[in-house]
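The values are calculated or read from the model by the stated rules, or taken from the named source; none is laboratory data. This is a predicted model, so every value here is computed, not measured. A quick note on method: Cβ atoms are made from the backbone with ideal geometry, for glycine too, and the neighbour counts reach across all protein chains shown. Heads up: the accessible areas ignore ligands, DNA and RNA and are worked out on the full protein's heavy atoms, side chains in. Shrake-Rupley method; radii C 1.70, N 1.55, O 1.52, S 1.80 Å.
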Amino acid sequence: MNRLWGTRCYEIGPIDRADDCGAGWRNDLTPFLEQLGVVVLDPLNKPIDKSFEGIDARNKRNKFIEENKYDELSKEIKLLRNIDLRMVDLADFLVCYLDMNIHTVGTYEELFWANRSKKPILICMENGKKNTPHWIFGTIPHQHIFNNWQELKEYLIHVDQDENVEHYKRWTFFKYNEMLPKVPYRG
């Protein structure tokens, strides 16, 4: 069926407090998504020439804090936030990594921002589904919360390939190939 072909997925999860800035799980998941034909929106590799993430950017922002340069920090984070929330807007669905041992703020804003549009949000809970913050169970379908990456991937394959998919009032599939302009080649 290839329902996910041409869809866009935004990867959300802790960055500024994660040891690897959240690169590890994204680097592992992205090739899987790309094999399904999904366009991956990764905040560590923003599709724009402004506002970057990663260890160097984190060190720069920490230096702003050490030097009490809060205006500079605020300006940079506002731009970063704007770009990341725009990627939430562009996404057809989101994959979220949550680890209750890593404090995160932006991830929750992105999750709730996407929820307002009733986008599918698939959460991989590092600490297991049973440790999911209670508020999230009132926010998204519990069927979209997974104990590990394998469960999440199996669900995505089900959504992509199986004839009958329970949508949980979240999944909407557009026929992207039919939406492309029908312009003849003028070589």
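Label-point separation (nm) for Tyr155 and Asn2, each offset 7 Å from Cα along Cα-to-Cβ?
Simple spin-label model gives 2.5 nm for this pair.
Please report the spacing between the Cα centers of the range 64-102 and the range 116-171 in Å, no decimals.
One Cα centre to the other: 23 Å.
Using mean Cβ contacts within 10 Å as the protection proxy, how do 15-27, 88-100 order, highest first? Write down the numbers at each step before the final one.
Numbers: 15-27: 17.2, 88-100: 20.6.
Ranking, from highest mean packing down: 88-100, 15-27.
Step through the residues of the range 63-68 one at a time and calculate ³J(HN,Hα) from phi using the Karplus curve (6.51 cos²θ - 1.76 cosθ + 1.60, θ = phi - 60°), rounding each to whole Hz and writing x for Gly and Pro.
Each residue's phi maps through the Karplus curve to give 5, 4, 5, 4, 9, 6 Hz.
Using only protein heavy atoms and a 1.4 Å probe, report how much of Phe173 is accessible, in Å² to the nearest 10.
60 Å²
Helix 23-35 sits at what angle to the longest principal axis of the chain, using alpha carbons and giving 0 to 90 degrees rounded to 10?
Here the helix axis deviates by roughly 20 degrees.
With every protein chain left in place, what is the accessible area per residue of the chain in square angstrom, probe 1.4 Å?
Details: 11250 Å² over 187 residues.
Roughly 60 Å² per residue, with all protein chains present.
If one takes the longest principal axis of the Cα atoms in the chain, at what angle in degrees, from 0 to 90 and to the nearest 10, does the Cα axis of helix 70-90 lie?
0 degrees
Are there trypsin sites (Lys or Arg not before Pro) in the range 142-185 that DSSP marks as loop and that have at most 13 other Cβ atoms within 10 Å, and which are they?
Those that pass, being in a loop and sparsely packed, are Lys169, Lys175, Lys182.
Using the per-residue mean of other Cβ atoms lying within 10 Å as a proxy for protection, in what order, highest first, do the peptides 32-38, 140-146, 71-77, 121-127 fall? Please report the intermediate quantities before stating the final value.
Working: 32-38: 15.9, 140-146: 17.7, 71-77: 13.9, 121-127: 20.7.
Highest-to-lowest ranking by the protection proxy: 121-127, 140-146, 32-38, 71-77.
I need the Kirkwood Rh of the chain: take the reciprocal of the average 1/r across all distinct C-alpha pairs and report it in angstrom. Mind showing how you got there, number by number?
On the way: mean 1/r = 0.0563 Å⁻¹.
That comes to 17.8 Å for the chain.
How far is helix 106-116 tilted off the main Cα axis of the chain, in degrees rounded to 10, range 0 to 90?
Taking Cα atoms only, the helix is inclined about 40 degrees.
For the range 66-118, which whole percent of the accessible surface, found with a 1.4 angstrom probe, sits on carbon and sulfur atoms?
Details: 1590 of 3120 Å².
Result for the range 66-118: 51 percent of the exposed heavy-atom area is carbon or sulfur.
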